[in-house]
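> I'd like to ask you about the structure that follows.
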Amino acid sequence: MKVELGQNLSAEQAIKLAIFEAKKGQGFVAPNPVVGAVILDQQGRLISFGHHARCGGDHAEVAALKKIPAKTRTEVLKGTQVFVTLEPCAHQGRTPSCAQELARWPIAKVVYGLEDPNPRVSGRGAEILRQAGVLCEPSEVLQEELEDLAEIFLTNMRQQTCFVALKVATSLDGHLAMRDGKSQWISNEKARHSVQYLRGVYDAVLVGSGTFLVDQPRLNSRHPRFMQKTNHLVVLDPSGDTLPHFIESPAAQVRPLQQITLVISRQQKEKWSGSQLGQRDQQLKELQERGVTLLFFDESSRGGQSSVDLAWLKKELFGMGLTSILVEGGAHTHSTFLQQGAADRIYQFIAPVFMGGSSAINWTQDLSIRDFDQRVKLSRVQFFRLGENALVTGRLFR
Ligand SMILES: NC(=O)c1ccc[n+]([C@@H]2O[C@H](COP(=O)([O-])OP(=O)(O)OC[C@H]3O[C@@H](n4cnc5c(N)ncnc54)[C@H](OP(=O)(O)O)[C@@H]3O)[C@@H](O)[C@H]2O)c1
C-alpha cells in the first residue's frame, strides 16, 4: 500500500494501512498476534505508523509512537487519532501495557479493530483508555479483513489449539499427483513462490508419510524474507515407514532434528518387536536421542481406526508452542483433515491442466460425504491470479 506522511486518510484507509502494516510481522511474532497501528493528526493527516515486528519487541502502538521524535511527541500527539488492528493490551507481559502507554499522551481517540480475545485483556485495554479520558471505540469497517488478519491468534485464544491450513496444488480436475506418484511440478513458479511465503508464515509444516517418501521434500521456506527462520516439521507416520530413511532425508538435513515431530501409532509400534520390522525400534530410539519429538497415538481412541484423532494432535502441537500448521498433503492426509473437520483454511493452487480421473489421484479421494447437504463449504473466499495459475483460499467453518 503506497501512502505518504502528511497524506489525508479516511478511517477506512487508516484501518487498511494498519492491516497492511500488521502483515509485515507475519511469521515473526508467534505466539503473539500480528498488529499494526496508524496515527492521524487532528486534520486526518498521516503522521506515523508501525507494526509488531517480533515476539518480545515493541508492540505496534509503541512502534508508531516511537517514530515521532521524543522532543516533540507531546505537542505532535495533541488531539490525534490512533487506529490499531487489535484492542491495545492491558497487561504487562514481555513489554509494558500499550493501553497505559497510549493513555500517557494527549491522544483524543483510539479506534481498534477487534476486541482482544485474550481473557486477561478483553475489554480492559479499552477501559483503561476511557478512564484516562480517551475516546475509545471499535472499528465500524473491515471487520472480516481484521478477523482474517488475526485468524491464527483468534483460534489459539478461543479454542486453545493451533490454526490449520491445507495447502495443495491441483489440476483443473482436482488431482494432486499421477498414480505413479509424479507431481512435480503441477503449479507454476509464482504459485510455488507463494508456497515458500506460507511456509515462512506458519510455525510448522505437516505431511503424511506417503508424501515424505515419494517426494523427498525439504518443506522449509526459501523465501528471501524467511531465510533466517527454520520451521518445524510434523510427519504423520503411524507405521514408522519413514524411519529407515529419516536421517538422510532432505527434510531432516535442512533443519535441526529438535524441530521435527513424528506421529506414530502405539499399536503399530508394538507389532515391530520380534518381527522383521524390529530395527524400527532402534531407529526410533536413535531419533529420539538426537532430539526428534515422538508423539504416540492410541488407535483404540478412534474405535480401532489407524487415523490419528486430529483434535488431539492439534492440542499436543499447540502445547509444544506451535500456533499454526500448514498441511502439505498428500491426498490421504488432506482427506482426513477435511473428514475430521480439523482444518480452518484452504489454499488451493490450480493449474490449467487435466490429469484424468483414472490416471491421477484426487486430492480429496479419501473424503466421504454422506449427502449433498453435508458438502464442505468455504466462506470469505478469495481468488488470486498467479500468471496462468489461480489461488483459491477461504475459511472452513463448522
Ligand atoms: N500436488 C500437491 O500439492 C501434492 C502435495 C503433497 C503430496 N502430493 C502427492 O501426493 C502423493 C502422496 O499422497 P498419499 O495420499 O499417498 O500420501 P500422504 O497423505 O502423504 O501419506 C499417507 C500416509 O500418511 C499417514 N497418514 C495420513 N493422514 C493420517 C492420519 N490422519 N492419521 C494417521 N496417519 C495418517 C498414513 O500412514 P500409514 O500408512 O502408516 O497409516 C497414510 O498412509 C504423492 O504422489 C505426492 O507426490 C502432491
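The values are calculated or read from the model by the stated rules, or taken from the named source; none is laboratory data. Please read these numbers as outputs of a predicted model, since none were measured by experiment. Because the Cβ atoms are built from the backbone with ideal geometry, glycine has one as well, and the counts that use them run over all protein chains shown.
> Somewhere in segment 358-379, is a residue buried (at least 17 other Cβ atoms within 10 Å of the Cβ), β-branched (Val, Ile, Thr) and in contact (Cβ under 8 Å) with a residue 60 or more places away in the chain?
Checking segment 358-379: at least one residue is buried (at least 17 other Cβ atoms within 10 Å of the Cβ), β-branched (Val, Ile, Thr) and in contact (Cβ under 8 Å) with a residue 60 or more places away in the chain.
> Where the second residue is assigned to a helix (DSSP H, G or I) and surrounded by fewer than 22 Cβ atoms within 10 Å (Cβ to Cβ) and the first is on the phi < 0 side of the Ramachandran plot and lies in segment 190-204, which pairs have Cβ atoms under 7 Å and are six or more apart or on separate chains?
That search, which allows pairs on different chains as well, returns GLY200/ARG225; GLY200/PHE226.
> Which of the residues spanning segment 205-236 are of a type in the set (Val, Ile, Thr), under 16 Å from LEU262 (Cα atoms) and without any contact (Cβ under 8 Å) to a residue 60 or more places away in the chain?
Answer for segment 205-236, where residues must be of a type in the set (Val, Ile, Thr), under 16 Å from LEU262 (Cα atoms) and without any contact (Cβ under 8 Å) to a residue 60 or more places away in the chain: just VAL235.
> May I ask you to list the residues in segment 199-230 that are among the aliphatic types (A, V, I, L, M) and either away from the ligand (no atom under 14 Å from the Cβ) or surrounded by fewer than 22 Cβ atoms within 10 Å (Cβ to Cβ) (or both)?
VAL201, ALA204, LEU213, VAL214, MET227
> Quick check: is even one residue across segment 56-63 surrounded by fewer than 23 Cβ atoms within 10 Å (Cβ to Cβ), without any contact (Cβ under 8 Å) to a residue 40 or more places away in the chain and not in a loop (DSSP other than H, G, I, E, B)?
yes
> Considering only segment 30-46, state which residues are under 31 Å from the mean Cα position of the chain (by Cα), in a strand (DSSP E or B) and surrounded by fewer than 21 Cβ atoms within 10 Å (Cβ to Cβ).
Across segment 30-46, the qualifying residue is only LEU46.
> Right, another one. Of the residues that make up segment 122-130, is at least one away from the ligand (no atom under 15 Å from the Cβ) and free of Cβ contacts under 8 Å to residues at least 24 places away in the same chain?
The answer is yes; a qualifying residue exists.
> When both residues are 6+ apart or on different chains and their Cβ atoms are under 9 Å apart, which pairs have a first residue that lies in segment 257-270 and is farther than 11 Å from THR242 by Cβ, and a second that is among the polar types (S, T, N, Q) and buried (at least 20 other Cβ atoms within 10 Å of the Cβ)?
GLN259/ASN231
> What single numbered condition from (1) more than 18 Å from PHE397 (Cα to Cα); (2) charged (D, E, K, R); (3) touching a residue at least 60 places away in the same chain (Cβ under 8 Å); (4) within 16 Å of the ligand (Cβ to nearest atom) fails to hold for ASP180?
All conditions pass for ASP180, except number (3).
> Looking only at segment 339-352, count every residue that is touching a residue at least 40 places away in the same chain (Cβ under 8 Å), surrounded by 16 or more Cβ atoms within 10 Å (Cβ to Cβ) and more than 15 Å from ARG385 (Cα to Cα) and tell me the total.
5
> Could you identify the single residue in ARG380, ARG395, ARG385, ARG370 that is charged (D, E, K, R) and in a loop (DSSP other than H, G, I, E, B)?
ARG370
> Can you pull out the residues in segment 323-339 that are in contact with a Gly (Cβ under 7 Å, 6 or more places away or on another chain) and modelled with pLDDT of 95 or more?
HIS332, THR333
> Residues being over 26 Å from LYS190 (Cα atoms) and not in a helix (DSSP H, G or I): count how many of those fall in segment 255-264.
Result for segment 255-264: 6.
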